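The values are calculated or read from the model by the stated rules, or taken from the named source; none is laboratory data. Please read these numbers as outputs of a predicted model, since none were measured by experiment. All Cβ positions, glycine included, derive from the backbone under ideal geometry; neighbour counts span all protein chains shown. Side chains are part of the model used for accessible areas, which takes the heavy atoms of the whole protein and leaves out ligands, DNA and RNA. Shrake-Rupley method; radii C 1.70, N 1.55, O 1.52, S 1.80 Å.
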Amino acid sequence: MIFTKNNIETGNIEEFISEKINSGKLFELLMIVPTNRKVRYLRKEFISHSPGSICGQMNLDTMGTFSQQLFFGNKDFREEILSEAAAAVLLKQSFQEVDLKYFSNYRKNIPSGTLEKIKNVISQYKRLGISPQRLKEESLQLTGSEKLKALDIALIYDRYSIKINGLKLFEIGDIYFNLNNLPEKEFHVGFRKLYPQIDLIIIQGFDEFTSPEIEIVNSISEITDSRLFLELDYSSNNPMIFKHLESTFSKLISKRFIPYATEDKEKNKFRKIIRERLFLNQKDKSKDFESSVFEIKAADKEKEVDLIAKEIKEIIYKNNIEPQNICVVFNLISNYSQIVRDRFTMLGIPFNLTDRSLLKTSPPVISLLNLFEILENDFYYNNIFRAFSGNILNPGNLDISNLRNTAVKLKIISGYKNWIDSLEYALLKSDEMFGEGFNFEKKIYKKALNDIKYIYKLLSPFDKNLNAKEFECEFLKIIEFLGIYVKMVNRNFSLEENVKSFDLFIETVREILYLIELEHGNNKYPLKFFLNNIRTAVNSSRFNIREKPGYGVLVTNLNEIRGLEFDYLFIGGMTDGNLPTRYSPEIFFSGSFFKYDENHSAEERYHFYQSLCSWQKRLYLSYPAIDGNKELSRSVFLNEFEDLFEVTKIDESHYNDSIYSKEEMLINFGINHNLDPHALFKGETPVDFNFNELKE
């Protein structure tokens, strides 16, 4: 369905786009889409379809990047955007600065999980256009603990907003608010400054819009000398899929947008069936797709990923398919990401995994934090061993095993003075027992004493109060002195992941120190003050490895493939609790802002529907039977799907006659040395094994 305030002669937006491409006037087109992945996809599509595969300026944005550029008046807005890490630090400070009742026990030390949830709730309130004052008004309708909770969150939200406004930092919800409060003329002037030649605006691929986003879309639609068309995949004929979009539909109508029901030119019979009949309890099965739609049943999650990987290897080698034409999606990708890394690597399948990792799990970050915690916790032995045992920080001559053994023998737990006194006393006792000549025990104690003194010397610049600038200077010095980047390169283990995470760590620390300087000027604080803020930031930071364009199988979540198409699509983890996820209400939403089970279920159905629209040649739906000792229930979505379609079923036995990795080859040799690996191995025959020697 297309919404517009302009006259429309055709219901096909693709014709508008093709006209701009073919005429070489892409600079006159602005497209706003839901994800950065869709932006990258469109950029490649536009280039490939342009005459001579050459095109000039392309105006492709998400709603977020468009709004940020318009608000800041240029393309460089990143320094003003509040990061997740900085938001967590400022929110924690806000907790400690207001008088709380419901959260009174958390004023001094709020758990990181609770902080994360409240941060997400406040960010969502901002995106929805809900102010602290509106929360306070809402609390008047509540009673008991719910009222106290709403009032506390309103207080925290208000204080948090004051802090970030004072620092001139913005979240996306703040940008929406400020844009929607611009005078109409100023909005139009700002738009034309950024997009002087745009005469066609297309908004496509979204499933719904918040009220502030509707206001922004409405303002864009009033830009003179331009046409705006908003395409929304909506149909009143299947409320089980599209019901949650009725609010967006009504809001657009209230802004005088005219809906045009596009002609049903859907040539893809599969999509037509799911759009009209999925989730409506219709049992009339189609057999037209039995050879292209598959169900994979696996024993557990590890085996599920293993079977997916084997099928992908079959597709790549048998059909000569490029890996980038294959996509694997999971609704809860974090449940599968490590398994995917292990199995896809084992089978030699190139892949792009989009799951974001927690910064606090990065080995170099853990080591460096433990280094500072040595001084913070007065040389607690566990901090010493955690910091240096990984060799990322070890200068090479630090004997961590000797320190551990010495600590055990002398019963040293913590205290720098205690370490020094205990070791010097042990050395003195050695001289008394064995004389001043050489003895092995004395050598051990002397080495431990030198190592402890070295560690203190390394950390001594932080053993005094520092201001933010001084702390940053010493922080960067210690990183350079320890040669952390060089060690990560030399180790060559998870290099890209470690470097990416450590880059983000340094960037995060510098951002937090900048905020401290803005708030506290040249005031000086002990190490503990800085570490508390840094730990809060690290606990809320995530990173992912930069995607390699045109490389490997894409492994991601359902939301990331909205509007994209792949030749081969795998939808994994099709069990109840995973797809669909179980309804778990966010307890920190209040009153009428609470999301109910009905909304959650509708959104899950729509996301599944969207993913089913993303394949061309083959679709695979997979699920595991158990998770550890827990039996899993096959997804109700899969049951509903198979009420409409006959599918080809696959299980582990389908792959028993082939070998897909060197590991499997060796296992089979162990079981049956008469196997011929040249005949069974998929893809290139391994040449670095002497099969005759293995048989012998």
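Were the residues from Ser653 through Lys528 laid out at 0.36 nm apart, the gain over their Cα-Cα distance would be 39.2 nm. Temperature 25 °C, viscosity 0.890 mPa s: under these conditions the Stokes-Einstein estimate for segment 359-517, based on its Kirkwood radius over C-alpha pairs, is 144 µm² per second. For the peptides 173-183, 569-579, the ranking by mean Cβ contacts within 10 Å, running from highest to lowest, is 569-579, 173-183. Rg ratio for segment 214-280: its Cα radius of gyration over 2.2 N^0.38 Å, N being its residue count, equals 1.33.
Give, as ranges by residue number, the residues of segment 384-402 whose backbone N falls under 16 Å from the point 7 Å along Cα→Cβ of Tyr456. Taking a point 7 Å out along Cα→Cβ of Tyr456, the residues of segment 384-402 whose backbone N falls under 16 Å are 384.
For the chain, the dipole from Cβ point charges (+1 on Lys and Arg, -1 on Asp and Glu) about the Cα centre works out to 1400 debye, to the nearest 20.
Relative to the longest principal axis of the Cα atoms of the chain, the long axis of helix 36-49 makes an angle of roughly 60 degrees. The angle between the Cα long axis of helix 211-221 and the longest principal axis of the Cα atoms of the chain comes to about 60 degrees, rounded to the nearest 10.
The antiparallel fraction among DSSP beta bridges confined to the chain stands at about 25%.
Shown here is the pair-distance distribution of segment 142-189: with all Cα-Cα distances grouped in 10 Å bins from zero up to the longest one, the shares run 23, 32, 28, 14, 4 percent. What is segment 230-379 by shape, rounded, prolate or oblate, if you read a ≥ b ≥ c off the alpha carbon gyration tensor as root eigenvalues and call it rounded for a/c under 1.5, prolate for a/b larger than b/c, and oblate otherwise? Verdict is oblate for segment 230-379.
For the chain, the mean residue ellipticity at 222 nm estimated from helices alone is -16000 deg cm²/dmol, where every DSSP H run of n ≥ 4 contributes -39500 (n - 2.57) and the total is divided by all residues, rounded to the nearest 500. Once Rh for the chain is found with the Kirkwood sum over Cα pairs, what is the Stokes-Einstein diffusion coefficient at 20 °C and 1.002 mPa s, in µm²/s? Rounded, D is 72 µm²/s.
Other residues with beta-carbon under 15 Å from the beta-carbon of Glu215 carry, at +1 per Lys or Arg and -1 per Asp or Glu, a net charge of 0. For the chain, find the longest principal axis of its Cα atoms and tell me its angle to the long axis of helix 144-166, 0 to 90°, nearest 10. With rounding to tens, the tilt is 80 degrees.
In the context of the full set of protein chains, the chain has a per residue accessible area of 48 Å² (1.4 Å probe). Distance check, please: which entries in Lys5/Lys193; Lys147/Lys255; Lys297/Lys662; Lys469/Lys500; Lys149/Lys528 exceed 27 angstrom between their Cα atoms? Beyond 27 Å between Cα atoms: Lys147/Lys255; Lys149/Lys528. Evaluated on segment 1-123, the Kirkwood hydrodynamic radius is 18.5 Å, with distances taken between all distinct Cα atoms. The apolar share of the surface of the chain, taken as the fraction of accessible area on carbon and sulfur atoms (1.4 Å probe, ligands and nucleic acids excluded), comes to 48 percent. Out of every Cα pair in segment 144-275, what percent are spaced more than 17 Å from each other? When every Cα pair of segment 144-275 is considered, 72 percent fall beyond 17 Å.
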